[in-house]
Amino acid sequence: MATSLARSLAASAARSVRRTRLSTSTAAQVRHSSFARVEEKPLETVDDWTNFQLKRAEYQTLIDTFSEYGSTQTRNNTFQPHHSLHRPVAPSDITLSALIASGAHFGHSQKRMNPNFVPYAYGVRAGITIIDLDHTLPLLRRAAQVVRGVAAGGGSVVFVGTRSDLRPAVRLAAERMGKQGYHVGERWLPGTLTNRVQMFGPEVAGDEQVIPDLVVFLNPIPNIHAVRECALEHVPTIGIVDSNVDPRVVMYPIPANDESTRTAELIAGLLSVAGREGVAIYQEEQAKAAARAAKRPPRY
């Protein structure tokens, strides 16, 4: 009796284990088949190729028919966050909307506002100073004219941005100006201009131009010693000044948010485009001068 009962229990246990294995394998096959990638049938005959071309033509017809009813916005004609760095706008195309989109109107706390910054402040919102972009836009265009004029005269421009997020902006800005553009992305060494003989050596300081013709500061306060050196050497300066900064520290101030990476990229890109235009003017003048010199008759 006990033996038969044990055999029946063992048989039922074996059947239940077998059912569990079958159900598990079946479920695995279903999951595999549901998530398996459906491979397309290769084009083996002429009819397959003809059907493929007809389906493609039908799909293109649908696109052409309904495209006029859809949106025309694409990645190329709409604003993208990386455009301010890699696709900067020209000074003539800059707008208040672009400045607002970059967050240029946000200042510091009202308690930290510099008294000399009051003419550039629009008001206060939630304890934060709002910068008046109606003043920023013309001052930005004026700075672009300065960069263009310096580059058109063959001068050199240095872009200074010593924060880690500003290094790509100053590097690309200098690259756009070619040989007339330079950048400082790490630390401005004290004495670079005022102690240039000891920094570069007497031969380099005497034979080459060490002092730039214009310096653009994206964060002037951490580089205030560099601003002082430029003032001592009579080098004009352009800088982004926030609400906690005295606008008189630089010669051409641009009231904007100096802690916004996108604002710094926008301004640096715009100024570099203006500098590139000035470099093109300078190269054109050099080519004309060389052509005139070649046409002159030789003197005996």
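Annotation note: Cβ proximity below 8 Å between a residue of segment 128-157 that is without any contact (Cβ under 8 Å) to a residue 40 or more places away in the chain and a residue that is surrounded by fewer than 16 Cβ atoms within 10 Å (Cβ to Cβ) and of a type in the set (Gly, Ala, Ser) (sequence gap 6+ or interchain) occurs for Ile128/Ser109; Ile130/Gly123. The C-beta contact set for segment 191-206 (first residue at pLDDT 85 or above, second residue among the aromatic types (Phe, Trp, Tyr) and open to solvent by 50 Å² or more (accessible area, probe 1.4 Å), distance under 9 angstrom, 6+ apart or interchain) comprises Thr192/Phe200.
Residues Arg187, Arg296, Arg248, Arg292: which one is open to solvent by 80 Å² or more (accessible area, probe 1.4 Å) and closer than 19 Å to Ala143 by Cα?
Working: Arg187 fails: closer than 19 Å to Ala143 by Cα; Arg296 fails: closer than 19 Å to Ala143 by Cα; Arg292 fails: closer than 19 Å to Ala143 by Cα.
Residue meeting the stated conditions: Arg248.
Hey, among the residues in segment 143-174 that are under 17 Å from the mean Cα position of the chain (by Cα) and among the charged types (D, E, K, R), which one's nearest to Glu208 (Cα to Cα)? Looking at residues that are under 17 Å from the mean Cα position of the chain (by Cα) and among the charged types (D, E, K, R), I get Arg171.
Out of all the residues in segment 96-122, which are under 22 Å from Ala169 (Cα atoms) and either charged (D, E, K, R) or in contact (Cβ under 8 Å) with a residue 12 or more places away in the chain (or both)? Walk me through how you get there before you give the answer.
First, the residues of segment 96-122 that are under 22 Å from Ala169 (Cα atoms): 96-107.
Hits for segment 96-122 are Leu96, Ala98, Leu99, Ile100, Ala101, Ser102, Gly103, Ala104, His105, Phe106, Gly107.
Among the residues of segment 198-242, those that are open to solvent by 70 Å² or more (accessible area, probe 1.4 Å) and more than 31 Å from the chain's Cα centre (by Cα) comprise Gln198, Met199, Phe200, Pro202, Glu203, Asp207, Glu208, Leu232.
When Ala169, Ala144 are checked against the criterion of being touching a strand residue (DSSP E or B) at 6+ places or on another chain (Cβ under 9 Å), under 30 Å from Ile100 (Cα atoms) and among the hydrophobic types (A, V, I, L, M, F, W, C), a single residue qualifies: Ala169. If the condition is being over 18 Å from the mean Cα position of the chain (by Cα) and hydroxyl-bearing (Ser, Thr, Tyr), then segment 175-192 contributes only Thr192.
Which ranges mark the strands (runs of 3 or more DSSP E) fully within segment 120-181 that have 3 or more residues being buried (at least 21 other Cβ atoms within 10 Å of the Cβ) and out of contact with any His (no Cβ under 6 Å at 6 or more places or on another chain)? Fully inside segment 120-181 and qualifying: 157-160. Within segment 58-106, the set of residues being in a loop (DSSP other than H, G, I, E, B), aliphatic (A, V, I, L, M) and farther than 17 Å from Thr136 by Cα is empty.
The values are calculated or read from the model by the stated rules, or taken from the named source; none is laboratory data. Keep in mind that this is a model prediction, so the values were computed, not measured. Glycine also receives a Cβ, built like all others from the backbone with ideal geometry; neighbour counts cover every protein chain displayed. Quick note on the areas: whole protein, heavy atoms, side chains included, nothing else; ligands and nucleic acids left out. Shrake-Rupley method; radii C 1.70, N 1.55, O 1.52, S 1.80 Å.
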